[in-house]
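Quick notes on the structure that follows.
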């Protein structure tokens, strides 16, 4: 197996799994219980908060646990919209966000909120000046993702955060694909809210977190008990949270060396594909990107057909976001970057991870070249 879909999910690292094991067997208490094993579970939550906060330059009390990136995005957008609707009912986001943000914004529109979806350039980047021009007296929240899940393109968050702070507008970023791949400092980008999840950086599925800067007060969107400082009701997923904290300590605190290795492999992949396959386009290659992601268009070939042939060879990649798998529509990200629908349907996302080797990259180049050549010959016939 050659797994090249780490942006969809990652295997749980054995050190992360080992850290979680006691929470299933002996330290299984409810962190809201007062007796010893409950207090031990609560201490585990605190230790995980410290690890995540240390990795992103935050205070542990600014970390709130959720079930993952989608819930964190929903809590940030819905929570802030509800909390600030007395000041205004206008939100700004981008056309290339993950569906957890886009569909939440569309749902808020049904509730009477106005949403501006910013365009991006051909490299998938937002222009901060364009964003500034869309701000009105009604604007209460800006949400711009850190790194795109399909192309890996990094947005100019420092500039966007500065604009938001100067205008006294809450600023949220979906950092699900950035965590563990580039350094994150919430103060440097002036983020008020930031979403992360565990399963994108060798942690478990079903565990995520939302950073909420002190002084920012989103409204809870789940009703129930007084968990997570009254912001997120529901008994905490202690094993998952412990794994999330361990994953951040191991993979997000110092991503530099691994990011450099993956960048070299990503460049090797892109160079090999462009040299061995005629008429290939790398999406977002002229913009800053996270180092593990390559989004490649193979004109005249359907991306799903390529993936089916690669699957038969034991090579696993994707045609875009895993959350959009099965949709007949071309990638909304690539369309927003100006690609024609037919070209967007010929795109493949390769995302590399800690087990990726140079030998696997070379084998992938050879297999993809053979596959595209065969499919193009069939297409021409």
Checklist outcome for this item: The residue from 192, 185 that alone is closer than 25 Å to residue 285 by Cα and in contact (Cβ under 8 Å) with a residue 12 or more places away in the chain is 185
Checklist entry - Applying the selection to region 259-295, what residues are more than 24 Å from residue 377 (Cβ to Cβ) and in contact with a strand residue (DSSP E or B) (Cβ under 6 Å, 6 or more places away or on another chain)? => result 266, 283, 284, 287, 288, 289, 290, 292, 293, 294, 295
Checklist outcome for this item: Residues of region 227-243 being more than 16 Å from residue 75 (Cβ to Cβ) and either touching a strand residue (DSSP E or B) at 6+ places or on another chain (Cβ under 7 Å) or part of a loop (DSSP other than H, G, I, E, B) (or both), in sequence order, are 235
Next on the checklist: For the structure I just gave you, tell me whether residue 108 is touching a strand residue (DSSP E or B) at 6+ places or on another chain (Cβ under 6 Å) and more than 13 Å from residue 173 (Cα to Cα).
Outcome noted: no
Checklist entry - If you scan region 354-375, which residues turn out to be surrounded by 22 or more Cβ atoms within 10 Å (Cβ to Cβ) and over 18 Å from residue 275 (Cβ atoms)? => result 356
Item to check | Subset tally (residues that are surrounded by 19 or more Cβ atoms within 10 Å (Cβ to Cβ) and touching a helix residue (DSSP H, G or I) at 6+ places or on another chain (Cβ under 9 Å)) for region 117-138 | outcome: 6
Next on the checklist: Restricting to region 327-347, give me the number of residues that are without any contact (Cβ under 8 Å) to a residue 24 or more places away in the chain and either crowded, with 20+ Cβ neighbours inside 10 Å or not assigned by TED's automatic domain parsing to the domain that holds residue 290 (or both).
Outcome noted: 1
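Matching residues to (1) under 19 Å from residue 199 (Cα atoms); (2) exposed (fewer than 14 other Cβ atoms within 10 Å of the Cβ):
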{"residue": "6", "(1), (2)": "yes, no"}
{"residue": "11", "(1), (2)": "yes, no"}
{"residue": "18", "(1), (2)": "yes, yes"}
{"residue": "22", "(1), (2)": "no, no"}
{"residue": "26", "(1), (2)": "no, yes"}
{"residue": "34", "(1), (2)": "no, yes"}
{"residue": "39", "(1), (2)": "no, yes"}
{"residue": "42", "(1), (2)": "no, no"}
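Here's the yes/no breakdown for (1) at pLDDT 95 or above; (2) touching a helix residue (DSSP H, G or I) at 6+ places or on another chain (Cβ under 8 Å); (3) within 29 Å of residue 19 (Cβ to Cβ):
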position: 225; (1), (2), (3): no, no, yes
position: 249; (1), (2), (3): yes, yes, yes
position: 264; (1), (2), (3): yes, no, no
position: 287; (1), (2), (3): yes, no, no
position: 309; (1), (2), (3): yes, yes, no
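Let's see how each residue does on (1) assigned to a loop (DSSP other than H, G, I, E, B); (2) on the phi > 0 side of the Ramachandran plot; (3) over 22 Å from the mean Cα position of the chain (by Cα):
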residue: 125; (1), (2), (3): yes, no, no
residue: 129; (1), (2), (3): no, no, yes
residue: 140; (1), (2), (3): no, no, yes
residue: 178; (1), (2), (3): yes, no, no
residue: 185; (1), (2), (3): yes, no, no
residue: 190; (1), (2), (3): yes, yes, no
residue: 219; (1), (2), (3): yes, no, yes
Checklist entry - Only one of (1) in contact (Cβ under 8 Å) with a residue 60 or more places away in the chain; (2) farther than 28 Å from residue 103 by Cβ; (3) in contact with a strand residue (DSSP E or B) (Cβ under 7 Å, 6 or more places away or on another chain) fails for residue 350. Which number is that? => result (2)
Item to check | Sole residue being touching a strand residue (DSSP E or B) at 6+ places or on another chain (Cβ under 9 Å), over 29 Å from residue 246 (Cβ atoms) and modelled with pLDDT of 95 or more, chosen from 184, 189, 169 | outcome: 169
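The values are calculated or read from the model by the stated rules, or taken from the named source; none is laboratory data. Keep in mind the model is a prediction, meaning the values are calculated, not measured. Please note: Cβ atoms are built from the backbone with ideal geometry, for glycine as well, and neighbour counts cover all protein chains shown.
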